[in-house]
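This report refers to the structure that appears directly beneath it.
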Amino acid sequence: MITCTRRIQFCAGHRVYGHEGHCKFVHGHNYVAFITVHAEKLDEVGRVIDFSCIKDKVGRWIEEHWDHGFIYWNADTEIYHMLDRVPGTKRFSLALNPTAENMAFYLLNYTCPDVLKGTNCQATKIVLWETENCYAEATI
């Protein structure tokens, strides 16, 4: 299998509901996502996909929904009510607790299949760096 990977950076806030340490507090990260895609065959130029296409499709989704926003678990009613009191706050309600693992899973299984439709390629791995020292990986 031949793959290609595009790096996408974004900033976002979150809190990890039920966390036993510092991550239980509202905070943010400078995330780095590595989006790996594959295709059954290379295109006429010899690529899985043009790197700029990954940036345009997946990067645009991240920019519109997550970048410089607050990602929260839709079951976290305290955060929901807090965000309601701050007009103009960009927010994204996730059906999962917004850990790096769940965010990588969401990108791989929900975002990428939707935004990459019609490209003849599929995302097979997401690596999401939450800090310089910590990352999560979701693969198919």
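Nothing charged except the Cβ atoms of Lys and Arg (+1) and of Asp and Glu (-1): what's the magnitude of the dipole of the chain about its Cα centre? Round to the nearest 20 debye.
Values: 14 positive and 17 negative charges, 30 e Å.
Dipole about the Cα centre, nearest 20: 140 debye.
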| note | Under the Karplus relation with 6.51, -1.76 and 1.60 and θ = phi - 60°, whole-Hz ³J(HN,Hα) for region 100-105, x at Gly and Pro, equal 4, 4, 5, 5, 5, 4
| Most fluctuating residue given options Ala12, Ala75, Ala100, as computed from a GNM of the chain linking Cα atoms under 10 Å | Ala75
| request: Provide the per-residue ³J(HN,Hα) series for region 60-71, in order, calculated from phi with Karplus coefficients 6.51, -1.76, 1.60 and θ = phi - 60°, each as a whole number of Hz, with x at glycine and proline positions. | output: 5, 4, 4, 4, 6, 9, 10, 4, 6, x, 10, 9
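What's the extension gain from Thr89 to Cys11 if we count 0.36 nm per residue and subtract their Cα-Cα distance?
Values: separation 78, 0.36 × 78 = 28.08 nm, distance 1.40 nm.
Full extension of this stretch gives 26.7 nm more.
Just to confirm the filter: which trypsin sites (Lys or Arg not before Pro) across region 1-88 are DSSP coil and have at most 10 other Cβ within 10 angstrom of their Cβ? Numbers along the way, then the final one.
On the way: sites: Arg6, Arg7, Arg15, Lys24, Lys41, Arg47, Lys55, Lys57, Arg60, Arg85; in loops: Arg15, Lys41, Arg47, Arg85.
In loop regions of region 1-88 (DSSP not H, G, I, E or B), the sparsely surrounded trypsin sites (Lys or Arg not before Pro) are Lys41, Arg85.
What are the semi-axes of the equivalent ellipsoid of the chain, taken as the square roots of 5 times the eigenvalues of the Cα gyration tensor, listed largest first and rounded to whole Å? Let's see the in-between values first.
Working: eigenvalues 180, 44, 29 Å².
Value: 30, 15, 12 Å, ordered largest first.
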| request: Report the residues of region 98-140 in range of a label on Tyr80: point 7 Å along Cα→C-beta, backbone N strictly under 19 Å from it. | output: 98-99
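If exposed GluC sites (Glu not before Pro) are those in a DSSP loop with at most 16 other Cβ within 10 Å, what is the longest stretch of the chain that has none? Show your work: numbers first, answer last.
Working: sites that count: Glu20, Glu40, Glu44, Glu132.
Excluding the exposed sites themselves, the longest stretch runs over 45-131.
None of the figures in this text is laboratory data; all of them are computed from the coordinates on show. Every value quoted in this text rests on a predicted model; they were computed, and no experiment measured them. Because the Cβ atoms are built from the backbone with ideal geometry, glycine has one as well, and the counts that use them run over all protein chains shown.
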